[in-house]
Amino acid sequence: MDTTKLLKLASLMFPELTDADTVESLEAMFPERGLSENAKVTRIAPSPTGSMHLGNLYGALADERIAHSAADDGVFYLRIENTDDKREVPGAVEKIIKYLGAFGISFDEGATNDGDMGNYGPYRQRDRAKIYHIVARKLILEGRAYPCFCSEADLENAHKMQEENKENFGYYGKYAVHRDMDIDEAIAKIEAGESYVLRFKSMGDPSKKVDFKDQIKGKLSFPQNDQDFVLLKSDGIPTYHFAHVVDDHFMRTTDVVRGEEWLSTLPWHVELWIACGFKMPRFCHTAQVMKLDEETGTKRKMSKRKDPECTLGFYFEKGYPAKSVIEYLMTLLNSNYEQWRSANKEASYKEFQFKASNMGNSGAMFDLAKFNDVSKNIIAAMPAEEVYDGVVEWAKENDAEFAKILTDNEAYAKAYLAIGRGGKKPRKDFACWSEVKSFVSYYYDDMFTLEDAFPENVPAEERKAMLAEYITMYDPADDNNGWFEKVKTLSEKYGYTSDMKAYKADPDAFKGSITDVSNIIRVAITGRLNSPDLCTVMNVMGVDRVKARLSAQA
Ligand code: GLU
């Protein structure tokens with residue numbers, strides 16, 4: 001190796017670097033974090049494309065829990081992968097922070113709405129060119145990276161040839177045409193202004209194996225890499241592969257948690273980590289979020305195009321509480337979470353000991369019906385105030401008219417939202433805030449309609465007579481027993497039995513039962529056959545509204 005020539009090549013490629021810009025200087029600038037033994041440093045590294053989907057939240061939650069579950073001084077940080085400026089959308093970073101924040105996920109360090117926070121930045125890859133170039137220069141000087149002048153057309157030709165010869169695709173072996181180019185020739189080309197990329201010089205032999213331990217997938221074994229993949233693109237910006245190694249090393253990530261789609265290029269990364277002389281972090285390759293395709297009945301990847309629940313916007317628009325989404329994702333992320341939850345009903349999910357090794361090896365199945373059940377349970381356990389706040393906050397963004405109705409009479413809304421809460425069997429009416437309005441519309445005269453029919457076995461005249469009589473009997477001061485006794489008296493008077501046992505044994509022996517009578521009152525008051533405890537509903541509505549509803553049907 002001709003060091004003088006390589007130095008000349010490197011300084012042509014990176015004229016901005018001085019002799020002081022060494023990997024050792026980076027090591028000193030970004031030292032080991034000195035955390036406690038069990039502490040973990042994790043990150044998410046999204047591209048600022050403006051789209052946020054469930055997979056992003058799922059991954060972020062795993063990272064956040066791994067960092068914060070293992071030790072008090074764990075670090076979870078945000079790095080922005082903006083190496084592809086064509087895909088960058090203005091405001092995308094703010095959106096990532098805002099959306100994850102809405103689910104209670106915040107960062108200890110990294111990119112923020114106003115600049116960077118932390119000592120291991122910059123945290124936006126476009127601001128890190130110099131750091132990549134310093135490492136690239138070291139690789140060039142050590143003979144582990146070289147400039148490649150192939151045009152798109154050259155690479156396409158090689159690809160065609162590989163296809164015809166049924167060979168592996170890529171830049172390797174005889175196809176790595178600039179790998180052994182004379183350094184003087186490379187210098188001349190760069191001086192002449194030719195465009196080039198920087199490639200890694202692989203020393204791997206695919207006939208040999210690499211053994212690897214993934215925290216989720218367990219022991220893996222794969223052929224060594226032999227691809228001379230690109231480290232820096234022609235504009236000097238790194239590829240994912242190079243940025244991943246440089247950033248995760250100098251940001252001192254201890255656990256790289258990323259999607260399993262990166263397993264195929266893991267052999268590249270392993271070789272590059274070693275070539276750079278960096279200690280490899282632990283890796284956790286997470287399974288993708290899957291779902292059962294309704295048409296084919298087969299398991300498939302969740303798709304932004306086919307599944308509305310794939311985008312995070314869906315949860316905001318429908319008004320699912322953040323708690324519900326997190327709770328469900330926790331069940332998908334850690335196999336022993338549900339068992340822990342049933343023993344720790346009141347605890348925050350943050351008390352659960354999250355372990356990468358308890359993450360599923362194959363795709364996590366997202367089931368919307370199951371998720372709705374989880375959300376119903378979460379809402380059922382909330383006090384009325386929390387439900388009120390959740391609905392109002394959602395309505396302010398999505399249904400201004402309903403928000404006004406709710407806030408105009410806060411005490412009324414809170415009173416009816418309190419019905420059926422608490423106790424052993426709370427009502428589980430709604431899974432999200434957008435469903436609340438249709439459940440509670442009957443509390444408001446403007447929205448009240450008769451949605452269900454009155455029981456058909458009671459003739460209309462008799463029904464009206466019963467309602468008229470009931471108006472005279474109804475007393476808001478009655479407690480539940482008093483209320484029931486009056487309905488019973490009314491039923492018996494009109495020949496509708498209150499002996500449910502006898503009725504069930506021989507329904508034909510009776511005109512009907514007390515259920516018909518209470519349903520008549522229920523439909524008159526709420527417009528529907530299904531409602532929370534009617535006595536309480538009437539109490540909350542107030543005597544004037546109750547009497548008006550009854551007389552309207554009498
Ligand atoms: N931007 C990459 C992705 O979204 C990050 C992968 C990683 O976490 O290393 O897939």
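The values are calculated or read from the model by the stated rules, or taken from the named source; none is laboratory data. Owing to the predicted nature of the structure, the values given are computational and were not obtained by experimental measurement. As a convention, Cβ positions derive from the backbone with ideal geometry for all residues, glycine included, and neighbour counts pool all protein chains shown. All accessible areas refer to the heavy atoms of the entire protein, side chains included, with ligands and DNA or RNA removed. Shrake-Rupley method; radii C 1.70, N 1.55, O 1.52, S 1.80 Å.
A few remarks follow.
- Enumeration of residues in the stretch 105-125 that are assigned to a loop (DSSP other than H, G, I, E, B) and β-branched (Val, Ile, Thr): Ile105
- The condition of being more than 30 Å from Gly512 (Cα to Cα) and among the polar types (S, T, N, Q) holds for Asn398.
Condition check ((1) in contact (Cβ under 8 Å) with a residue 40 or more places away in the chain; (2) part of a strand (DSSP E or B); (3) touching a Cys at 6+ places or on another chain (Cβ under 6 Å); (4) under 23 Å from Ile419 (Cα atoms)) across all residues:
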position: Phe439; (1), (2), (3), (4): no, no, no, yes
position: Phe448; (1), (2), (3), (4): yes, no, no, yes
position: Glu461; (1), (2), (3), (4): no, no, no, no
position: Asp478; (1), (2), (3), (4): yes, no, no, yes
position: Asn481; (1), (2), (3), (4): no, no, no, yes
position: Lys501; (1), (2), (3), (4): no, no, no, no
position: Lys504; (1), (2), (3), (4): no, no, no, no
position: Asp508; (1), (2), (3), (4): no, no, no, no
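- From the list Tyr349, Tyr315, Tyr337, the one residue that fits, being out of contact with any Asp or Glu (no Cβ under 7 Å at 6 or more places or on another chain), aromatic (Phe, Trp, Tyr) and over 23 Å from Asp429 (Cα atoms), is Tyr337.
- Listed by first and then second residue, the pairs with beta-carbon distance under 6 Å, at least 6 apart or on different chains, first residue in the stretch 56-74 and at pLDDT below 95, second away from the ligand (no atom under 16 Å from the Cβ) and of a type in the set (Ser, Thr, Tyr), are Ala71/Ser36.
- Highlighted here are the helices (runs of 4 or more DSSP H) found entirely within the stretch 297-365 that include at least 3 residues which are closer than 24 Å to Ile96 by Cβ: 312-318, 322-333.
- All of Val289, Val257, Val246 fail the test of being closer than 17 Å to Glu32 by Cα, under 28 Å from the mean Cα position of the chain (by Cα) and open to solvent by less than 30 Å² (accessible area, probe 1.4 Å), apart from Val246.
- Residue that is nearest to Glu64 (Cα to Cα) [pool: residues in the stretch 336-359 that are surrounded by 12 or more Cβ atoms within 10 Å (Cβ to Cβ) and in contact with a strand residue (DSSP E or B) (Cβ under 9 Å, 6 or more places away or on another chain)]: Ala356
- One residue from Asp446, Asp499, Asp506 being within 28 Å of Pro321 (Cβ to Cβ) and surrounded by fewer than 16 Cβ atoms within 10 Å (Cβ to Cβ): Asp446
- Residues satisfying the stated conditions in the stretch 244-269, i.e. within 12 Å of the ligand (Cβ to nearest atom) and touching an Asp or Glu at 6+ places or on another chain (Cβ under 7 Å): Val256, Val257
- Checking Arg65 against (1) of a type outside the set (Gly, Ala, Ser); (2) outside any helix (DSSP H, G or I); (3) over 18 Å from Gly121 (Cβ atoms), the condition it does not meet: (2)
- Residue check: Glu485 meets all listed conditions (1) closer than 17 Å to Cys535 by Cβ; (2) open to solvent by 50 Å² or more (accessible area, probe 1.4 Å); (3) modelled with pLDDT under 95 but one, namely (3).
- Residues that are away from the ligand (no atom under 11 Å from the Cβ) and open to solvent by 10 Å² or more (accessible area, probe 1.4 Å), drawn from the stretch 52-63: Met52, Tyr58
- Checked against (1) more than 19 Å from Ser264 (Cβ to Cβ); (2) surrounded by 11 or more Cβ atoms within 10 Å (Cβ to Cβ), His159 meets all criteria but (1).
- Within the stretch 76-92, tally of residues that are within 13 Å of the ligand (Cβ to nearest atom) and either over 19 Å from Pro122 (Cβ atoms) or not aromatic (Phe, Trp, Tyr) (or both): 10
- Candidates are the residues of the stretch 190-210 that are of a type in the set (A, V, I, L, M, F, W, C) and under 38 Å from the mean Cα position of the chain (by Cα); the one that is surrounded by the fewest Cβ atoms within 10 Å (Cβ to Cβ) is Val210.
- Qualifying residue in the stretch 511-519 (condition: under 16 Å from Glu451 (Cα atoms) and in contact with a Leu (Cβ under 8 Å, 6 or more places away or on another chain)): yes
- Only one entry of Lys213, Lys217 meets the criterion of being open to solvent by 40 Å² or more (accessible area, probe 1.4 Å) and either farther than 28 Å from Lys130 by Cα or away from the ligand (no atom under 13 Å from the Cβ) (or both), and that entry is Lys213.
- Looking at Pro31, Pro90, Pro48, just one residue is of a type outside the set (A, V, I, L, M, F, W, C), more than 22 Å from Gln215 (Cβ to Cβ), in a loop (DSSP other than H, G, I, E, B) and modelled with pLDDT of 95 or more, and that residue is Pro31.
- Any hit, the stretch 299-310, residues being away from the ligand (no atom under 11 Å from the Cβ) and closer than 30 Å to Arg144 by Cα: no
- Selected residue (only one of Asp19, Asp73 is more than 13 Å from the ligand (Cβ to nearest atom) and open to solvent by less than 60 Å² (accessible area, probe 1.4 Å)): Asp73
- Number of the exception - Glu451 against (1) at pLDDT 95 or above; (2) open to solvent by less than 50 Å² (accessible area, probe 1.4 Å); (3) under 52 Å from the mean Cα position of the chain (by Cα): (2)
- Number of the exception - Val289 against (1) touching a helix residue (DSSP H, G or I) at 6+ places or on another chain (Cβ under 6 Å); (2) under 25 Å from Ala136 (Cα atoms); (3) more than 11 Å from the ligand (Cβ to nearest atom); (4) of a type in the set (A, V, I, L, M): (2)
- All conditions but one from (1) aliphatic (A, V, I, L, M); (2) touching a residue at least 60 places away in the same chain (Cβ under 8 Å); (3) in contact with a Lys or Arg (Cβ under 8 Å, 6 or more places away or on another chain); (4) within 14 Å of the ligand (Cβ to nearest atom) apply to Leu272; the one that does not is (3).
- Residue match in the stretch 38-46 (condition: within 16 Å of the ligand (Cβ to nearest atom) and small (Gly, Ala, Ser)): yes
- When each of Ala403, Ala395, Ala380 is tested for being open to solvent by less than 50 Å² (accessible area, probe 1.4 Å) and touching a Pro at 6+ places or on another chain (Cβ under 6 Å), the lone residue that passes is Ala380.
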